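The block underneath contains the structure these notes are about, expressed in structure tokens.
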Amino acid sequence: MQLTHKIALCPTPEQVDYFKRACGTARRVWNWALSECNRQYAAGDRPNAMALKKQFNAIKYTDPQWLDENGRPWLRDIHRDAHAQPFAHLAKAWERFFADLKKGKEAHKPRFKKKGRCRDSFYVANDKFTLNGKTIRLPKIGEVAMTEELRFAGKILGATVSRTADRWFVAIQVEVPDAQFYRRRTSHGVNGVDLGIKAVATISSGEVIEAPKPLKAALRRLKIRSRRLSRKLEAAKKAAGFERRARLPEGTRLPVSNNRRKSAAALARLHARIANIRADFTHKLTTRLCRENQALVIEDLNVKGMLQNEKLARAISDVGFGMLRSQLEYKARRYGTQLTIADRRYPSSRLCSICGWKNEALTLSDRTWVCAQCGERHDRDLNAALNLKRLATVTALPVASPTSNGGAAAGMAPAVVGKVTPVRYDGGHQDTSGQEENRAHFCAHS
Ligand SMILES: [Zn+2]
């Protein structure tokens, strides 16, 4: 099983300079290879990134576009992993594109990387670096201090150095033994989780989880800093003779003042801080959910579709539902939690969790409603969570016992390890198997 540990680095200014050049190299090689691939694709061929790598290796120290102003091949200054890896990544990106195309899914061709807009990173193969406590020895630049030691023991597969705002990180991929991958659960609940706008998560146990407060404060600050930066940008446009709010012709480079640079850096740091707060929150929440439950049910939120709804978009991207879902998926595997993703059409908000009556008139603004059939008063989110919980028992549950939690303690292979089960909704609420048992359960509950 593979785990990745991302560790912050404390590089010297010279090392930062190398990192930047290595990222620039990786980006430039990607763009070179992509434009070749696009040419092959336009000519009706299937792009072959790995063949391009051979082609690139043949010219990289001689072709004029890869020589500096003194005619020296500057790629020699950068370790070769940084300029070899983009080909593998590109090959994967094309594979994904053709696979999606074949499946009839929305397919995206790989895109060019733009300085300042793309993620800055470069790769180092496992035989090219060594770890020694809180230092990592990287090719070309030697030892770089890390803020902590590698947490996992196992076979090291590779590392990626990347930048977020003005900080540098190394993400080390490790093949860990099963005993380290699987974690012990502390309890064995069965819960539905309604993800929402008002509360981030409402658990069928009745617990309501709100977004962290620092996030709201930081988002307010974000508005202020973005405004400051855009004022400086407008000023630069005006100084260059453009109209206010004018769209600049492609390729225009405005002079960057020191204040604008500082302002942009402050904004980037704040973005990174917000991302950290979000990630910290979702990590703690998803770990807890998986640690305490043997079965979880969430909705299959169509995040992309929801983002098109402007009003919802703000709130949704604030908590990062996409991140929440993917964390749940991989942690469910680690804790042996059965994760069920409810079908998109399952009307979890509209159904009465007591009697199954469907409230067709429910609107987004209704926070509570009364069932016309059984008279129960429902909190919208809790009711949805209870309906989701119902789906957990459609598929067989593993028996709740201390050793069923992935077998970490017993040292054996788990029976059900984080199986992700998509559940189809077939229209009727009454014909869901396990319904009788559920209803008895919920009646006793209320
Ligand atoms: Zn009812």
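Quick rundown of the values:
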| read-out | value |
| --- | --- |
| The one condition in (1) within 14 Å of the ligand (Cβ to nearest atom); (2) buried (at least 20 other Cβ atoms within 10 Å of the Cβ); (3) among the acidic types (D, E) that D381 fails to fulfil | (1) |
| Any hit, segment 96-119, residues being more than 22 Å from V170 (Cα to Cα), of a type in the set (G, A, S) and open to solvent by 60 Å² or more (accessible area, probe 1.4 Å) | yes |
| All positions within segment 79-94 that are without any contact (Cβ under 8 Å) to a residue 40 or more places away in the chain and surrounded by 13 or more Cβ atoms within 10 Å (Cβ to Cβ) | R80, A84, A88, A93 |
| All positions within segment 335-358 that are buried (at least 22 other Cβ atoms within 10 Å of the Cβ), of a type outside the set (A, V, I, L, M) and away from the ligand (no atom under 16 Å from the Cβ) | Y335, G336, T337, Q338, T340, Y346 |
| Flag if R228 is out of contact with any Phe, Trp or Tyr (no Cβ under 9 Å at 6 or more places or on another chain), assigned to a helix (DSSP H, G or I), closer than 30 Å to I341 by Cα and not aliphatic (A, V, I, L, M) | no |
| Residue that is surrounded by the fewest Cβ atoms within 10 Å (Cβ to Cβ), among those in segment 25-54 that are at pLDDT below 90 and in a helix (DSSP H, G or I) | M50 |
| Within segment 193-235, considering residues that are surrounded by fewer than 15 Cβ atoms within 10 Å (Cβ to Cβ) and small (G, A, S), the one nearest to D300 (Cα to Cα) | G206 |
| Among residues of segment 218-259, those that are modelled with pLDDT of 85 or more and acidic (D, E), counted | 1 |
| Condition check for Q65: over 22 Å from E14 (Cα atoms) and open to solvent by 50 Å² or more (accessible area, probe 1.4 Å) | yes |
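To keep it simple, each residue is scored yes or no on (1) among the hydroxyl-bearing types (S, T, Y); (2) within 18 Å of C23 (Cα to Cα); (3) part of a loop (DSSP other than H, G, I, E, B).
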| site | (1), (2), (3) |
| --- | --- |
| Q65 | no, yes, no |
| N70 | no, no, yes |
| L75 | no, yes, no |
| A91 | no, no, no |
| L101 | no, no, no |
| E106 | no, no, yes |
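The values are calculated or read from the model by the stated rules, or taken from the named source; none is laboratory data. Being a predicted model, the structure only gives us computed values, none of them experimental. With ideal geometry, Cβ positions are generated from the backbone for all residues, glycine too; neighbour counts draw on all protein chains shown. Note: areas computed on protein heavy atoms with side chains; ligands, DNA, RNA excluded. Shrake-Rupley method; radii C 1.70, N 1.55, O 1.52, S 1.80 Å.
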